[in-house]
Amino acid sequence: MKNRSADGLRGLAALNVAITHFVAAFLPWLLYYNYGVLFPRFEGESAWAEVFSAPLLTLFYNGHFAVLIFFVLSGYVLTLPYFEQPAAAAATALRRRLWARYLRLNVPIAAAVALSWLAYRYGLYQHAAAAPLSGSLKWLGSVYPPGLDGMLALKEALFGSIVLGQAAFVPPLWTLKVEFIGSLYILLFYLAKPARFTWLPLALVLPLLYAVHRDQSIYYYAIFAGSMLHGVRLGRPAQAALLLLGLYLGAYQHFRAMYGFLPAPQLWDVKSAYNTLGAVCLCAAVLSGLGRGLLESAAVQFLGRVSFSLYLLHFMILCAFSAAIYVRFPREPLYVGAGFVAYLAVCLGAAALFERWVDRPAIRLSRRFGALVCPGAAARAETLTRRQAP
């Protein structure tokens, strides 16, 4: 039932987010066409700046697109039992996932928030000194403001991040609110809908999601779209076509002529809308078998295994370790490149340790809790037999 290609794609997406945040912190002008409001344009004439900020190359550091891939894959993976198990077993599996979801996500979140609070409390973050030097004042300079306290950290660790989307101590955690609430939506939908009907209930649910979440509803739509990819089986030409379309839409940039003909969505942010469509196309191609050799390789599977840990930890490492290096060494390409390599090495090492000692036990704990609350049909029958025995 496990889809190794999905795991590999999730790992690459997590790595993409970590790379994006390094670029946003120390090479912010490369993201001008992606987020013109937040990042400055490169001052002066520079051919290499234009080349490296081109849509095709920014796919390697386009974190928003990567986040949409997370959401699509979540919808696919969470609903696997519904499509691959008999009805009774599938219902039990979905209920277990529903009950286990908070522990599965929030135990690692709480640990990450605690680590970030300690780093903040003892003055390890150096981002405030690095932001004026790199020019990332509106992004890097805006995080970890003065006055954060332990009570706020406790709130975010228990429910603030996962339910309210608060992310003062681990800024990327705004996505975990969507992930958690969206997972509840998708699991309840497949538990409640009639077995023979999907499209009609979906047509009723989608407007409700928009009414509740407005501009963020596109993220919840991505999760539902992922659940619809189970029945998609594409041949090689269709896989290649969807891959190209997905990468084109995923690389969407403002102010670019190659996207000027696309209509502007009226309900959502234009980049979020086209990134969502791109993520669905890319995932459809991958889940049909495209790139299986690469995505199931040992290195990419390692990234998949540590993807959640990498997502939770990389921002702390960026603002403490990488910012300190950036401040203390010349801001020249050689030093920035060496700092980037060191950043990735520390992130992956820390993620491996966090996965081993925090994330993996959280998975076991959540599964045990889900099984305790929702024992399977066989377990219930065995319990009933024991009770009736003389």
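Structure remark: mean-square fluctuation, Gaussian network model of the chain, C-alpha springs under 10 Å; the largest value among Arg360, Arg196, Arg305 belongs to Arg196.
If you rank Tyr35, Tyr190 by how much accessible surface each has, with a 1.4 Å probe, what is the order from largest down?
On the way: Tyr35 60, Tyr190 10 Å².
Of Tyr35, Tyr190, the descending order of accessible area is Tyr35, Tyr190.
Extension gain for the segment Asp269 to Leu365, taken as residue separation times 0.36 nm less the Cα-Cα distance, is 30.8 nm to one decimal. Kirkwood radius and radius of gyration were both taken over the C-alpha atoms of the stretch 26-66, and their ratio Rg/Rh is 0.94. Gyration tensor over the Cα atoms of the stretch 268-344: the corresponding equivalent ellipsoid has semi-axes (square roots of 5 times the eigenvalues, largest first) of 32, 19, 13 Å. Note on Trp29: accessible area approximately 60 square angstrom, rounded to 10, probe 1.4 Å, nucleic acids and ligands left out.
Calculated mean residue ellipticity, 222 nm, the chain: -21000 deg cm²/dmol, from DSSP H runs (n ≥ 4) at -39500 (n - 2.57) each, averaged per residue and rounded to 500.
With every protein chain present, what is the per residue accessible area of the chain (1.4 Å probe, Å²)?
Values: 18460 Å² over 390 residues.
That works out to 47 Å² per residue.
Against the main long axis of the alpha-carbon atoms of the chain, helix 87-121 sits at an angle near 30°. By the compact-protein rule of thumb, 2.2 N^0.38 Å, the alpha-carbon radius of gyration of the stretch 1-100 corresponds to a ratio of 1.52. Expressed as a fraction of 2.2 N^0.38 Å, the C-alpha radius of gyration for the stretch 164-259 is 1.33.
R0 = 35 Å: FRET efficiency of Phe255 with Ala299, Cβ-based, nearest 0.05?
Approximately 0.45, to the nearest 0.05.
In the complete set of protein chains, residue-level accessible area for Arg95 is approximately 110 Å², probe 1.4 angstrom.
Along its three principal directions, the equivalent ellipsoid of the stretch 52-191 from the Cα gyration tensor extends over semi-axes of 34, 22, 10 Å, largest first. At an R0 of 51 angstrom, the distance between the Cβ atoms of Arg41 and Ala88 translates into a FRET efficiency of 0.30. Separation of the stretch 220-257 from the stretch 265-344 is 18 Å, based on Cα centroids. Among 123-131, 140-148, sorting by the average number of other beta carbon atoms lying within 10 angstrom of each residue, highest first, gives 123-131, 140-148.
Whenever you get a sec, line up Met151, Met258, Met316 from highest to lowest accessible area (probe 1.4 Å, protein heavy atoms).
The ordering from most to least exposed comes out as Met151, Met258, Met316.
Model label sites at Ala238 and Ala129, defined 7 Å from Cα along the beta-carbon direction, differ in position by 5.7 nm. Measuring nothing but protein heavy atoms, the accessible surface of the chain at 1.4 Å probe radius is 68 percent carbon and sulfur.
Quick one, what does Rg over Rh come out to for the stretch 203-302 if you take C-alpha atoms and the Kirkwood Rh? Using only Cα positions, Rg/Rh for the stretch 203-302 is 1.02.
Report the longest stretch of the chain that contains none of the GluC sites (Glu not before Pro) sitting in a DSSP loop with at most 12 other Cβ atoms within 10 Å. Longest gap between qualifying sites, sites excluded: 46-390.
For the pair Leu158 and Trp174, label points projected 7 Å from Cα toward Cβ lie 2.5 nm apart. Under the criterion of Cα pairs below 8 Å and six or more residues apart, the relative contact order for the stretch 1-105 equals 28 percent.
Calculated FRET efficiency, Arg292 to Met151, Cβ-Cβ distance, R0 = 51 Å: about 0.60 to the nearest 0.05. Taking the chain as the region of interest, the number of lysine pairs whose Cα atoms are within less than 28 Å, with members eight or more places apart or on different chains, is 8.
The values are calculated or read from the model by the stated rules, or taken from the named source; none is laboratory data. Treat the numbers as computed from the prediction; the structure is a model and nothing was measured. All Cβ positions, glycine included, derive from the backbone under ideal geometry; neighbour counts span all protein chains shown. The protein model used for the area step is the full one, side chains on, heavy atoms only, and it has no ligands, DNA or RNA in it. Shrake-Rupley method; radii C 1.70, N 1.55, O 1.52, S 1.80 Å.
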